[in-house]
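The values are calculated or read from the model by the stated rules, or taken from the named source; none is laboratory data. These numbers were taken from a predicted model, which means no experiment stands behind them. Here the Cβ positions follow ideal geometry from the backbone for every residue, glycine too, while neighbour counts run over all protein chains shown.
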Amino acid sequence: MNDDYFSSRKSYFLLNTLLALLLFSCGGNSKNDSSSDFVSNDTLRYDIYIGTRLAGEQLSWREKDGSYKYYYEFNDRGRGPKLEETIKTNTEGAIISHSVTGLNYLKESVDENFNVLDTHANWKSDSEKGEAPFLKNPFYISVNHTYASRELLLKRLLKSPDSSAVLLPGGNASVASITPFKVGDSLDLRLIGISGLGFLPEFIWFTKNNTFFGLLPGRSFVLPKGHENLFPLLDSVQKAVSNEYLSNIAKELYTTPKKGIAITNVTLFDSKSKSNRKDMTVLVKGNSILSVSPSSKMKVPDGFDVIEGEGKTLLPGLFDMHIHLGDEDGVMNLAAGVTSVRDMGNSKDLVSLEKKYNENTLIGPRIPIKSKLMDGAGKFAGRTNMIMENLEQGLAYVQETKDAGYDQVKLYSSVKPEWVKPLVEKAHSLGLKVSGHIPAYMLASQAVLDGFDGLTHINMLFLNFMSDTIATQTPLRLSMPAEHADEVDLNSKEFYDFVALLKKKDIVVDPTVSVFEKIYTSKKGEVSPTLATVIDRLPIGEQRKAKSGGLPRPKEKDQQYYDAYLKMLAMTKKLHDAGITLVAGTDAMAGVILHRELENYVKAGISTADVIQMATLGAAEVSETSEKLGSIEEGKLADMILVNGNPLEDISDIRKVDLTIKNGNLYDPVELYKVVGVKPYK
């Protein structure tokens, strides 16, 4: 741990604590402000909230034999885990036996076991198995786990002189930060960052006795029963800690050329003509492209930093047009060459976040389209605080979206169909676009007629040819296309009439086909094909999650589900050929999945030239930024990527980003990936 880091925060958190006490005394207190309930051996009860909705519970207790027991279950739009966990530890806090049973997030069965016999450890689950020497008390991290069991990892880390531990099956964890925080007179908490579990430190709330207190991972939270009112306060503290961590990282991750840069002898992808121009030199001064000329006709100005581009391709920065920005995503995107994104709904203040990204106080892309997610009430409501009980409330949310400086309303699956048209009319009157899921009991064609500007996810288009009686606010929106995609005739009059409607209404389609490749074709114990190319580069936790499988299905339906994914590729190609505007988005792991999405479009039969244009100039046109972004031309903003290879010949070369330039600043992907625990491509 870094003592200077902790000491520099002392005055900040003293001030924050005073603020907390003020808020607490003014009505922000929980129903029970005593910490004594969270340090006994009695059952501890926690509520799990998604947005404003109580979605589940977590329990933890000790058995008479000393073993730790955990249970948790929650419902997230019909998905969500149901797990029971039993753990025994030795005197050093290392796990010597561990079992997890139940269902994972996608409702696939879970049966996982870890055991130590003398000096040997072995583990087995539905997705993996292994063994290793049990030396120096390593700590086993299960594939599936409850939130509260993280307290055992913390106790193991704190027993070590350097607050670290070797993990099984691989990696290391350590305490990255400890932030004391007191609420009221008797509730002493600590926000602790644990690194080594994922891309960034995982921030978890504990009591002063190191008992799990809560987890606030964004649009959901876990807190002790009766303490849900503490969420806004703890969330503000956690965001401050996280932002300070990220801002400290940012200072070391970019350079600003003093006079300018010259990228020489490079192959340039011209996104207007969709062709390569060889042996070019591009000059950048400040945040603008100064000139673009053949190298033979260009003299590099004195003082410019020269970047040799021979054997490489210079492309406009990529756009990811479907993302929900998380803390690590800013770094992950720039490392992968993604310089602009469309955020489709977030618990973060996207206007403030974009300002920080643009000023480099945090590392991240531009956010030319910022969306607010709205949904109707019900147990399948989406992860948003904008849950409408009636149309009038929804109309007020639309106004709130505009007033907050956002660009788009995203409607979700539980919105009542009869509300769509007035909501869209209100949004359009304020200059906002409307996109999103097709509400349950409604067809995509009707949503288009009611004014939608865009459709997200290719499954929503398949559902248009099934029935308007399907409860698509449930997981049926995922399983029905898998089960019935073969019945959708892509050469029928019905399909061509639908495509003609999309064309007439100038609808933008965001297929996210890689999402369905993952959930339809992944198998337990095998790496998801969406991550197969990069799996060895990812942190150990991400590697293991990549083997957890996809949508539950009988083995005899594996081919049917795979064929459904191929049918989605075929529809994507049909839409492109008909002139429908497609944008490349992920709704998944930042950066690396965009590369896979582009590969999938090429696999569908779309030319590499069209695919690259789609992810650059095409996306800039959709986001109304093409005056300044999307192509490499004199006078445009300097958002570019230098790729080792030629993506026009092999789209997979898009993964080999050697340099990202955003707004004239230089970012080294090797250094970016290092801070999130990802190995570079080479």
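Being more than 25 Å from Pro81 (Cα to Cα), in the same structural domain as Leu191 (by TED's automatic domain parsing) and in a loop (DSSP other than H, G, I, E, B) holds for only one residue in Lys107, Lys136, Lys155, and it is Lys136.
The numbered conditions (1) in contact with a Pro (Cβ under 9 Å, 6 or more places away or on another chain); (2) at positive phi; (3) charged (D, E, K, R) are all true for Arg596 except (2). Inspect region 534-554 for any residue being in the same structural domain as Val448 (by TED's automatic domain parsing), among the hydrophobic types (A, V, I, L, M, F, W, C) and in a helix (DSSP H, G or I) and give the result as yes or no. The answer is yes; a qualifying residue exists. The set of residues in region 200-230 being aliphatic (A, V, I, L, M), assigned to a strand (DSSP E or B) and buried (at least 23 other Cβ atoms within 10 Å of the Cβ) consists of Ile204, Val222. Residues of region 185-211 that are touching a Lys or Arg at 6+ places or on another chain (Cβ under 6 Å) and either farther than 15 Å from Leu153 by Cα or modelled with pLDDT of 95 or more (or both): Asp188, Ile204, Phe206. Consider Glu131 carefully, then state whether it is of a type in the set (Asp, Glu), closer than 21 Å to Glu526 by Cα, surrounded by fewer than 16 Cβ atoms within 10 Å (Cβ to Cβ) and not assigned by TED's automatic domain parsing to the domain that holds Thr474. In short, yes.
Of the residues making up region 405-449, just one is under 26 Å from the mean Cα position of the chain (by Cα) and in a helix (DSSP H, G or I), namely Ala444. One residue stands out in region 243-301 among those that are in contact (Cβ under 8 Å) with a residue 12 or more places away in the chain, in a loop (DSSP other than H, G, I, E, B) and among the charged types (D, E, K, R): the one that is surrounded by the most Cβ atoms within 10 Å (Cβ to Cβ), namely Lys274. Residues of region 384-403 that are in contact with a strand residue (DSSP E or B) (Cβ under 7 Å, 6 or more places away or on another chain) and in a loop (DSSP other than H, G, I, E, B): Thr384, Met386.
Buried (at least 21 other Cβ atoms within 10 Å of the Cβ), among the hydroxyl-bearing types (Ser, Thr, Tyr) and at pLDDT below 95: does that describe Thr401? The answer is no for Thr401. When region 302-311 is examined, which residues are found to be charged (D, E, K, R) and either in a strand (DSSP E or B) or buried (at least 24 other Cβ atoms within 10 Å of the Cβ) (or both)? Across region 302-311, the qualifying residues are Asp305, Glu308. Within region 37-66, the residues that satisfy the criterion of being crowded, with 16+ Cβ neighbours inside 10 Å and among the small types (Gly, Ala, Ser) are Gly51, Ala55, Gly56, Ser60. Any chance region 139-152 includes a residue that's under 29 Å from the mean Cα position of the chain (by Cα) and in a strand (DSSP E or B)? Looking for residues that are under 29 Å from the mean Cα position of the chain (by Cα) and in a strand (DSSP E or B), one finds at least one in region 139-152, hence yes.
In region 315-364, what residues are among the β-branched types (Val, Ile, Thr), outside any helix (DSSP H, G or I) and surrounded by 24 or more Cβ atoms within 10 Å (Cβ to Cβ)? Selection gives Ile323, Val338, Thr339, Val341, Ile363. Of the residues making up region 77-96, those that are surrounded by fewer than 21 Cβ atoms within 10 Å (Cβ to Cβ), in a strand (DSSP E or B) and not polar (S, T, N, Q) number 5. Inside region 500-534, residues that are among the aliphatic types (A, V, I, L, M) and within 17 Å of the chain's Cα centre (by Cα) make up a count of 5. Note on region 360-380: residues that are modelled with pLDDT under 95 and closer than 12 Å to Asn665 by Cβ amount to 1.
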